[in-house]
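Before any comments, here is the structure.
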Protein chains: 2
Amino acid sequence: MNFCSNCGASVIIRIPAGDDKPRHVCDNCGTVHYKNPLMVIGAIPEWEDKVLLCRRAIEPRHGYWTLPAGFMELGETTGAAAIRETLEEANARIELGGLYTMLSVPHANQVHIFYRARLLDLDFGPGTESLEVALFREDEIPWDDLAFRTITSTLRHFFADRKSGRFATHAGDILVQSRKGPLPEGR
Amino acid sequence: MNFCSNCGASVIIRIPAGDDKPRHVCDNCGTVHYKNPLMVIGAIPEWEDKVLLCRRAIEPRHGYWTLPAGFMELGETTGAAAIRETLEEANARIELGGLYTMLSVPHANQVHIFYRARLLDLDFGPGTESLEVALFREDEIPWDDLAFRTITSTLRHFFADRKSGRFATHAGDILVQSRKGPLPEGR
């Protein structure tokens, strides 16, 4: 950030009065420009013993597999965002189940939130941000080609809970920067 | 938003190529400026049969009571934000319990997230954003003077779950604009 989006003057980085963190501040019009983490919202669309995954047609992680998910938009609820992203990325209609995972990714300034969901029909296919969309049984999941560790963590929780017969909401953090590092346990 | 924070040129509102929503776009340097919902993170600090509330020293809702909560900062986890906000607003130290409520507030472009928490000692007091801080039993909660409906909803869930002896994570939406309207049920 170089310029004030309100008045166009140059901004500087300093700690505003009454604050304790450096912010982008405009000394011309007095605006403090805050930056905050973003929410990425998605779903685990289930059909019988399979889940729906999308292969990414965009960076980052072009060509890798993900659950349908994306940035929450203004004016939305988290549930509406999960339904919209599933429609956009997989042309798939779902009925939402409960909140399933909420995973902080502090090095990316993001929180990833996934809902359980019931796929309503098999009339799905890739949206503009997907190369392909397919259903996977647990033993077919491309674990080494998943796009993000929040996807890996969410799917591991899902199959473990399904095995135990008891689904709970899982909150946790993805703290290690390397994608090759171990997966921290959910809290 | 009037000016591009990257190059200082004027921005216009239009739908960028490959998108389906109007955004603030800079045609000089090509930057698309997205706006997304913010997370407000807080805690329900418990001490015996009481919970800790703060009376707000700032707008909006100056003078009304709230659970300690505030905007999540860059580089934080949701849990770290809950601990920090409780320290800043109530000078109180907590040990986090589980994720408790996640409530979308689409008309405010916010998602409010609360954790259960154990207050570690009674050495608390108002931070700069609070007028006073106090512990309340259920029958002492100032229900008519709570600052936000997400606070009311979170406390109602809390006391109902405590009565039933079974705490679960509650996700839901606060959809009615009027503060006087009925409280939508959690999903």
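Quick look at the values:
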{"item": "Convex hull of the stretch B:28-111 built on C-alpha atoms - directionally averaged projected area, nm²", "result": "7.8"}
{"item": "Residue-averaged beta-carbon neighbours from other chains (10 angstrom radius) around A:105-116", "result": "3"}
{"item": "Neighbourhood net charge (13 Å Cβ-Cβ; Lys/Arg +1, Asp/Glu -1) for A:Lys50", "result": "-3"}
{"item": "Cα centroid separation - the stretch B:7-56 against the stretch A:137-154, whole Å", "result": "29"}
{"item": "Angle between chain A longest axis and helix A:149-164 axis [Cα atoms, degrees, rounded to 10]", "result": "40"}
{"item": "Cα-based equivalent ellipsoid of the protein assembly as shown: semi-axis lengths in Å, sorted from largest, via gyration tensor", "result": "34, 29, 19"}
{"item": "Average beta-carbon neighbours from other chains, 10 Å sphere, peptide B:2-12", "result": "4"}
{"item": "Percent antiparallel among DSSP beta bridges (both partners in the stretch B:38-173, rounded to 5)", "result": "60"}
{"item": "Using a 7 Å Cα-to-Cβ projection, B:Phe136 label spacings across copies, nm, ascending", "result": "4.7"}
{"item": "Cut-off of 10 Å, at most 16 other beta carbons, DSSP loop: longest stretch of chain B lacking such GluC sites (Glu not before Pro)", "result": "B:49-184"}
{"item": "Spin-label model distance (nm) - B:Asp161 vs B:Asp19, 7 Å beyond Cα toward Cβ", "result": "3.7"}
{"item": "Descending principal axes extents, chain A, alpha-carbon based, whole Å", "result": "60, 33, 28"}
{"item": "Disulfide-incompatible cysteines by the Cβ rule (no partner under 4.7 Å) in chain A", "result": "A:Cys54"}
{"item": "Degrees between helix A:78-90 axis and first principal axis of chain A (Cα, 0 to 90, nearest 10)", "result": "60"}
{"item": "Chain B: calculated mean residue ellipticity at 222 nm from DSSP helix runs of at least 4, using -39500 (n - 2.57)", "result": "-5000 deg cm²/dmol"}
{"item": "Pairs of lysine residues in the protein assembly as shown - Cα separation under 18 Å, sequence separation of 8 or more or cross-chain", "result": "5"}
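A short reminder: the numbers here are calculations on the coordinates, not readings from a lab. All of these numbers come straight from a predicted model, not from anything done at the bench. Cβ atoms come from the backbone with ideal geometry, glycine included; neighbour counts cover every protein chain shown.
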